[in-house]
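S.K.: One structure, pasted below without further comment.
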Amino acid sequence: MTALSPGPGQAGPAAPEWWGTDEASVRYGDRLALDHVTFRAVPGRVSAVVGGDGAGRTTLLRCLAGALAASSGQVRLPVPLRIGYLSAGSGTYPDLSVTENLAFRASAYRLPPAIASERSRELLDRTGLAGARDRLAGQLSGGMRQKLGVIASMLHRPDLLVLDEPTTGVDPVSRADLWWLIARAAADGAAVVLATSYLDEAERAADVLALDAGRVLASGTPHEIVAAMPGTLRVSDARPDGEARRRAWRRGGRWRVWDPAPGDGAGGPAGGPAGPAGTAGAALVPDLQDAVTVAILARELSGARAGNGRPGGGDPR
Amino acid sequence: MTQPLAECVGVSRRFGHFVAVDGVDLRLGRGEVVGLLGANGAGKTTLIRMLLGLLATSAGQVLLFGEPPSRRTRQRLGYVPQTLGLYDDLTPAENLAFSEAAFGAHPGRGGGRVTASALPESLRPFSRTVVGSLPLGVQRSAAFAQALAHQPDLLILDEPTSGVDPLARARLWETVAVAAAAGTGVLVTTHYMDEAQECDRLMVMADGRVVAEGTAGQIVGDARVTVVETVEAASWAPAFAALEAAGMPAALVGRTLRVPGAEPAEVRRALGPIEASVTGAPATLEERFFELTLTSSRTRAPA
């Protein structure tokens with residue numbers, strides 16, 4: 001798919017044009033959790049890492065947070081004090097209050113207390129947490145706790161902000177606040193990386209990396225990923241029969257049908273689906289979700305991916 | 001319409017002085033897929049708990065299959081909670097067998113023991129693996145299979161596809177569509193607007209009330225937002241700051257900004273000297289949802 005033209009070794013450590021990985025792999029025992037992944041996070045931009053369960057998102061983000069060493073390949077990161085990290089599902093201390101959580105994190109990042117409390121006040125006010133200042137983090141709703149976690153990880157204005165699923169399970173109102181914080185961190189100059197399983201959310205990012213079973217499925221701007229989608233898509237009211245059935249999936253109450261190689265005759269039967277139910281539907285301009293679904297489907301059809309995954313999840317071998 | 005599968009008439013529920021659900025009407029017919037949208041605290045879970053018969057109403061009436069919720073109506077209902085409701089240390093088939101034993105056999109289905117052959121095709125490869133070791137997408141399929149095993153007339157799904165890839169999500173929705181085509185009514189809560197588009201009809205709740213109802217297109221209606229595209233791509237950051245300072249919070253999408261609830265002319269003024277194209281555009285369902293929720297919280301006196 002579209003690459004951001006990696007040039008290993010060409011940029012010196014003094015030129016932080018990007019943070020990220022070059023051909024990084026991570027092995028857990030005999031399982032390859034990350035398989036030659038090249039990813040760049042650019043200051044002032046938001047990048048989304050997408051993929052389902054077992055895709056390798058968390059492994060990549062842990063590498064970017066400096067919490068996990070790659071088994072092979074290069075990882076280029078700021079010094080630890082210039083990284084902000086929110087791990088999946090936690091990131092706050094449940095038995096500390098909101099204020100205590102922020103003060104603790106600020107001191108860990110060696111941020112002067114006066115600056116820390118000024119920034120905390122501003123971000124808490126803006127995201128509707130001001131009234132919860134003295135509540136224990138463990139007593140906050142999921143959305144409030146995630147907002148607190150993101151604020152805690154960006155308080156020191158890091159060069160690289162790494163957020164693992166900040167919006168999963170969060171309602172749309174809190175999600176809007178979270179995205180305001182994310183945009184604010186990028187506006188302040190951070191390279192922001194967030195993991196998500198929601199493609200409509202990823203479409204809001206400037207750059208997207210899609211992973212499946214530890215490998216790169218697609219990368220680039222949402223527009224580039226869509227433009228690089230192989231074959232064509234059409235919409236059908238009914239699920240097609242015959243061979244095309246495996247290339248169809250449900251979306252928006254109708255069926256998307258992917259034709260891998262129109263024109264060159266390399267794959268799929270020419271002239272549309274075989275079955276009577278599969279009336280040739282209207283051609284469709286795909287979006288990011290379509291393009292990523294096609295990439296997953298193509299891997300599955302080629303036998304590189306075992307259906308919904310196999311026991312243990314995400315094992316590419 | 002023939003008798004609805006589920007019906008709420010003026011249903012309210014108070015907890016002390018707090019009104020969690022406030023005069024909700026709902027009708028769900030055979031084969032209908034209805035999406036319930038709302039922020040946390042909007043009343044969705046309370047409403048579902050009343051439909052499940054786990055919580056009494058404070059006012060109004062809930063009818064399932066024409067009668068008040070009871071153990072009997074519970075047998076005709078399938079439910080997939082957010083937490084999936086599976087035992088991690090049992091296989092999918094064992095989970096299924098346990099749930100059938102606990103439910104009792106569905107009328108007309110016979111009381112035979114459930115075996116792996118009762119599992120859908122897609123779950124067969126996993127029949128000997130305990131649920132806790134399965135990928136999340138497979139766990140979700142197993143939860144769906146379990147909720148559908150007794151061929152319920154009504155299926156209630158709470159955030160059914162969170163955390164799975166888009167193809168796995170599409171396949172879970174195929175399962176829902178097959179059940180709906182066979183006549184099962186489906187009520188689904190989601191925070192995910194793309195998923196909401198799978199529903200025949202949506203209900204948006206805010207502060208315990210239904211604030212909008214209809215198809216996604218009907219709910220969005222002619223709502224619009226203002227879109228700002230700065231000439232210098234990197235200038236989105238100063239534009240973001242300028243709009244924030246003017247009290248027009250913007251949402252970042254790629255490197256453009258979307259400003260709800262503000263006219264292009266006001267946005268243009270707030271941007272000052274920043275060069276940008278400023279245009280109106282139709283709102284998305286999420287943007288419209290957000291507006292409905294905010295309007296509700298502004299117009300409602302604190303309870």
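Values quoted throughout were computed directly from the atomic coordinates according to the rules given, and no laboratory measurement underlies them. Bear in mind that the values here come from a model prediction, so they are computed numbers and not experimental data. Note: ideal-geometry Cβ built from the backbone for every residue, glycine included; neighbour counts use all protein chains shown.
S.K.: For the pair A:Val79 and B:Ser133, how long in nm is the line joining their label points, each one 7 Å along Cα→Cβ?
M.R.: 4.6 nm
S.K.: Hey, another quick one. How big is D, in µm² s⁻¹, for region A:167-233 by Stokes-Einstein at 10 °C and 1.306 mPa s if Rh is the Kirkwood radius over C-alpha pairs? Could you put the intermediate results ahead of the total?
M.R.: On the way: Rh = 13.4 Å.
Approximately 118 µm²/s, per Stokes-Einstein.
S.K.: Next up: Can you tell me what the convex hull of the Cα atoms of region B:6-218 projects to on average, as an area in nm²?
M.R.: Working: hull surface 47.0 nm².
About 11.7 nm², averaged over all directions.
S.K.: Given Cα positions, please report Rg to Rh for region A:54-172, the hydrodynamic radius being the Kirkwood one.
M.R.: Values: Rg = 14.6 Å, Rh = 14.9 Å.
Taking Rh as the inverse mean 1/r over Cα pairs, Rg/Rh reads 0.98.
S.K.: Another one. How much of the DSSP bridge set in region A:19-220 is antiparallel, in percent, rounded to the nearest 5? Could you put the intermediate results ahead of the total?
M.R.: On the way: 17 of 35 bridges.
Within region A:19-220, antiparallel bridges account for around 50 percent of the total.
S.K.: I want to make sure I understand the PRE zone here: with the label point 7 angstrom from the Cα of A:Arg121 toward its beta carbon, which residues in region A:80-105 have backbone N atoms less than 13 Å away?
M.R.: Once the point is set 7 Å along Cα→Cβ of A:Arg121, nothing inside region A:80-105 turns out to lie under 13 Å by backbone N.
S.K.: If you don't mind, another one. Which whole number in µm²/s is D for region B:26-84 by Stokes-Einstein, with the Kirkwood Rh taken over Cα pairs at 20 °C and 1.002 mPa s?
M.R.: Values: Rh = 12.8 Å.
In µm²/s, the coefficient rounds to 168.
S.K.: Non-local amide H neighbours of A:Leu34 (under 5 Å, H modeled in plane, Pro and chain starts lacking H): which ones?
M.R.: Counting only residues 5 or more places away or on other chains, the set is A:Val26.
S.K.: Considering amide H positions built from the backbone, and no H for Pro or chain starts, which residues 5 or more places from B:Leu36, or on another chain, come under 5 Å of its amide H?
M.R.: Residues meeting the amide H criterion: B:Val188, B:Thr189, B:Thr190, B:Met203.
S.K.: I've got another one for you. Quick check: the distance between the Cα centres of region B:253-297 and region A:115-141, to the nearest angstrom?
M.R.: 26 Å
S.K.: To check my understanding: the extent here is largest minus smallest coordinate of the Cα atoms along each principal axis. What are those three numbers for region A:19-220, in Å, largest first?
M.R.: Projected onto its principal axes, the Cα set of region A:19-220 covers 46, 33, 32 Å.
S.K.: Just to check, using Stokes-Einstein with a Kirkwood Rh over alpha carbon pairs, what's the diffusion coefficient of region B:224-282 at 4 °C and 1.567 mPa s in µm²/s?
M.R.: 120 µm²/s
S.K.: Report the rotationally averaged projected area of the protein assembly as shown based on its alpha-carbon convex hull, in square nanometres.
M.R.: On the way: hull surface 118.7 nm².
Its Cα hull, projected and averaged over all orientations, spans 29.7 nm².
S.K.: Of all DSSP beta bridges located in the protein assembly as shown, what percent are antiparallel, nearest 5? Provide the component values of the computation, followed by the final result.
M.R.: Details: 60 of 96 bridges.
The antiparallel proportion sits near 60 percent.
S.K.: Decide, for region B:115-171, between rounded, prolate and oblate: order the square roots of the alpha carbon gyration tensor eigenvalues as a ≥ b ≥ c, take rounded if a/c falls under 1.5, and otherwise choose prolate if a/b is larger than b/c, else oblate. Don't jump to the answer; show the numbers that get you there.
M.R.: Values: a/c = 1.80, a/b = 1.03, b/c = 1.75.
The shape class here is oblate.
S.K.: Moving on. Residue by residue through region A:46-62, which ³J(HN,Hα) values in whole Hz follow from phi under the Karplus form 6.51 cos²θ - 1.76 cosθ + 1.60 (θ = phi - 60°), with glycine and proline marked x?
M.R.: Along region A:46-62, the couplings run 9, 10, 10, 9, 10, x, x, 4, x, 6, x, 4, 5, 4, 4, 5, 5 Hz.
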